[in-house]
Each structure stands twice: as C-alpha cells, then as structure tokens.
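> This structure is in structure tokens; I'll ask about it shortly.
The values are calculated or read from the model by the stated rules, or taken from the named source; none is laboratory data. Worth saying up front: this structure is predicted, and the values here are computed from it rather than measured. Cβ coordinates were reconstructed from backbone atoms using ideal geometry, including for glycine residues, and neighbour counts include every protein chain displayed. Only protein heavy atoms, including side chains, enter the accessible area calculation; ligands, DNA and RNA are left aside. Shrake-Rupley method; radii C 1.70, N 1.55, O 1.52, S 1.80 Å.
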Amino acid sequence: MKTFHKIQLVFIALTLMVINTTYSQQPGLQYFRPNDKNGLNVFEPSKEDTVIFDGLKVRVGGDFAMQFQGIRQSNTAGNLTKLGSDFNLPSANLNLDVQVLDGVRMHLRTYLSSRAHNESWIKGGYMQIDKLDFIKPEFLEGVMKYTSITIGLDEFNYGDAHFRRSDNARAIFNPFVGNYIMDAFSTEAFGEITVQKNGLLAVVGLTNGKLNQNVTVNDNTDNKPSIYGKLGYDKQLSEDLRVRLTGSWYINKGTSTGTYLYGGDRGGSRYYNVLFTVPDVDGNTEGGPRDGQFNARFTKLTAIQINPFIKFKGLEFFGIYELADGSNEFTAPQADTEGAFTQIAAEVLYRFGADERFYLGGRYNTVTGKMRESATEDLEISRVNFGGGWYLSKNVLTKVEYMKQQYEGNAWTGRFAGAEFSGVVVEAVISF
C-alpha cells in the first residue's frame, strides 16, 4: 500500500510538471478567456486588443476533473439504488484554440471522457471574428472596435450562468461541484453578434434549435429557429467594486425544436447515479446521466434569465431569476398544454488569501412550477450547497461541498415522490 501511494504521488508530481511546462509555452491569443484562474469571473471576452498578431498560433489545452462522492438518497417508494462513498469516473476535455488571422480565432472542445458518452465526443466549436481586416485593412474598424461576431456549433450566449458552470471537466470556474438545477446550456448551430462599449453590453443571436443535427424531415418537422439575446451593464466602478446586471431571453415557436435549452449537456449531471432505481419485478430500471437536473422539455419555449453579479473586495454575489414557459403540445397532445417554471438561485462567496486563492461560500437554488396549468399543485425542487476551495495554482483547484437536494410537494410521482439526496463531494480540477 505504501508503494502504491508513492506511485500516486510521483504520478501527480509528473503531471503537474508537464502542465507547468506546457502552460509556460502557451501562446497568447486575442480576445480570449484564459482557461485557468485568470478566467474567473470573465463573462464575454473583453474587446481590449492586448495581443499583437504575428502569425498563426495554436494553443493546445485541456481539463481534468475527478470527484470523490459520498451521497445518500431516499424516496417514498424506497426503490432508489444504494449509493456508497467512492470515486466517480474522471472526466477530461481536449481544447484547441487557434489564432487564425488578426482578430479571427477558432475554438474546438472534445470531451475525451464524460458520463453521457463512453467514447470521445466533439462538444462543439466556433469561429470568433473581432476584426474584418481579412476583407481589407481597417474594414469597418470603427464598428469592430466594439463588436464580436461568433459563428459555429457550440454553446450560445443565453444567460450568465453558463460562464460559471462546469463544462464536463472544465470545472475551474464553478465554485461548487453541481451545476444549477435548470441548467441553461445547449450546443446548437448558431450565429451571434456581441457589442460592448463603456460597460454596456448587447447580444443578439440565432440558432437552429437542434441539439442533434440532421436533415431528415417527417410530418412533425417544422424546423423553427431559436432567437435569443442579452442586454446588460458590467463596470468596474472602483478598485474594490464591480457591478454587472444582465437580462437574457430565448424564444422558440417550433414543435420539434427548442426543447434542449435545459437538457443539452452531453457531459451529464455532476452528481453520479442519483435517482436511479433498483430493478422492478420485470427487471426494468429508471435513471439517466442528467438526473439531478430538471428539463420540462417544453416546445414553443420562451425563457427569460436575469443575472446580478456584484464583487466587493473578496465578497462575491451571483444570482439567477429565470422564467421558462412553453407547451407540451408535441409530447402530450391535449387541450391543456401550457406550463411554466421559475428558477431562483443565490450564490454568496468570500475569497481570501494571497491572490484570493481560497474561498468559502453557499448557494441556494429552487425550481417551482407546473407542467400544465390545470395541475393543482406545483412541482418543487430545492438544493443547498455549502463549501469552499483552494487554488493550489492558477491551473489547479480542489474543492469540497456539502449538498442536499429535495423533491417537495405532492405533485411528484414515481421515483421522484419524496425523493432527496445529500452528502459530501470532493472535486479536484486541473485546467490549462
């Protein structure tokens, strides 16, 4: 056993040495969010032109995350699997970022290991254009000084929560282990324009509303696009105080598109095997990689998310107020098809130590609503997280949390009736 621990320590030391060497050789990229602690609390990449273009540059990066999970669960039916305390399957990303031209950058992320897929999987990629000099020198320079154009098949910029979530193994920006219950994240074919000037922010974009891309049509296909946008203000008011407030919207009027806004995460939930059932008398089980999150799968979806963010010295607050309403017309045709849900989240952190390497904090997250207006009671989910973390370096983060999630009220049926799970999770993250 002592020999095994020595081998582990040697492996960890070698890994950190390789990361440190690789990171020190990474090229600087234009209009880029660093994939380490320097990217913390960065939302849209800044329009400050701080990197001089001197030819094509390729930046190879990665993420690695592993959790030790000690969660227990129960429900009214008593048919949930028994969970022990052990390590989850580690997750890993491969990131390629390429400075193609002056003001033109490409990003590609591959999930090397994730809950939802056994094989490597391309999460998505995009091209970000911050200058149009490839058309002719200084073309629309006055416009592009404040404007970014992004085109690709990747996550699109609805809300601010997706900047703080764990993207499979890229968990270095998430102060806790789990993402939000209604996790607004999807990868779709999209194009968006972002304008930033003097703290003011505006985003407008369009997606094709599909997570799984195909050209096959049938009687139910309508291929309605999703329209989304954001308006906000983000300003460093003083050396100690930063204030940001944004409002985002997402609209899709189709019956076969737009259902993945809260179910597009191919990495799966960060809490493994929660709400899985034991085999019934016929040998059937229930459970999937996204359990612990909630997706009403509304068609004709309209969603609005409001996000305040305040940082005063080491004290940090981030919030979510979100409304999502839509129709179950396609999935369950009947006269009563409209439903709506409200999500509220509040996250308070205190960062301290040299370069704010340590933090403590808590998060409270609730989702309340009805699948159909005729329902007499609301479906309710609540979660609390308490924990902290330590940035060993700008590339390495360890964090620990206690969490508890409950499915409350009489509206829940089946395995969700009276369900709850709680416990301690420790996560180690490396990003570069």
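> List every residue pair whose Cβ atoms lie under 7 Å apart, where the two residues are 6 or more positions apart in sequence or sit on different chains, the first residue falls within region 261-273 and is under 20 Å from L153 (Cβ atoms) and touching a residue at least 60 places away in the same chain (Cβ under 8 Å), and the second residue, located anywhere, is surrounded by fewer than 21 Cβ atoms within 10 Å (Cβ to Cβ) and of a type in the set (G, A, S).
Partner pairs satisfying both residue conditions: R266/A116; G267/A116; G268/A116.
> Let me ask something additional. Please work out which residue is nearest to I172 (Cα to Cα), limiting yourself to region 99-109 and to residues that are part of a strand (DSSP E or B) and open to solvent by 20 Å² or more (accessible area, probe 1.4 Å).
Step by step, filter region 99-109, then rank; the result is L108.
> Specify which of the listed residues (R357, R363, R351) is buried (at least 16 other Cβ atoms within 10 Å of the Cβ) and either modelled with pLDDT under 95 or within 18 Å of the chain's Cα centre (by Cα) (or both).
Answer to the check: R363.
> If you don't mind, there's one more thing I want to ask. Examine region 276-289 for a residue that is crowded, with 17+ Cβ neighbours inside 10 Å and at pLDDT below 95, and state whether such a residue exists.
Within region 276-289, one or more residues are crowded, with 17+ Cβ neighbours inside 10 Å and at pLDDT below 95.
> Give the number of residues within region 367-404 that are touching a residue at least 60 places away in the same chain (Cβ under 8 Å) and among the aliphatic types (A, V, I, L, M).
Of the residues in region 367-404, 6 are touching a residue at least 60 places away in the same chain (Cβ under 8 Å) and among the aliphatic types (A, V, I, L, M).
> Which members of region 53-93 meet the condition of being part of a strand (DSSP E or B), of a type in the set (K, R) and surrounded by fewer than 18 Cβ atoms within 10 Å (Cβ to Cβ)?
Residues satisfying the conditions are K57, R72.
> Still on this structure, I have one more. Pairs, please: C-beta under 9 Å, at least 6 apart or cross-chain, first residue farther than 29 Å from D167 by Cα and open to solvent by less than 80 Å² (accessible area, probe 1.4 Å) and in region 120-145, second in a helix (DSSP H, G or I) and among the β-branched types (V, I, T)?
Going by the 9 Å Cβ cut-off, the qualifying pairs are L132/V143.
> Among the residues of region 262-285, what is the count of those that are aliphatic (A, V, I, L, M) and either farther than 29 Å from S186 by Cβ or touching a Ser or Thr at 6+ places or on another chain (Cβ under 8 Å) (or both)?
2
> List pairs: first residue in region 405-432 and farther than 17 Å from Q69 by Cβ, second residue among the basic types (K, R) and crowded, with 21+ Cβ neighbours inside 10 Å anywhere in the structure, Cβ distance under 8 angstrom, at least six positions apart or on different chains.
From residues that are farther than 17 Å from Q69 by Cβ, the pairs are Q406/R383; S431/R170.
> Could I ask something else about it? If you go through region 154-169, how many residues are over 16 Å from I430 (Cα atoms) and assigned to a strand (DSSP E or B)?
Residues that pass the stated criteria total 2.
> Specify the residue that is farthest from G254 (Cα to Cα); the eligible residues are those in region 296-314 that are modelled with pLDDT under 95 and part of a loop (DSSP other than H, G, I, E, B).
Per the stated criteria, the residue is A296.
> Same structure again: Can you confirm whether region 153-172 contains a residue that is over 24 Å from P34 (Cα atoms) and surrounded by 21 or more Cβ atoms within 10 Å (Cβ to Cβ)?
The answer is no, given that none of the residues of region 153-172 is over 24 Å from P34 (Cα atoms) and surrounded by 21 or more Cβ atoms within 10 Å (Cβ to Cβ).
> Can you report the number of residues in region 111-131 which are touching a Phe, Trp or Tyr at 6+ places or on another chain (Cβ under 7 Å) and closer than 17 Å to V60 by Cβ?
Qualifying residue count for the region: 3.
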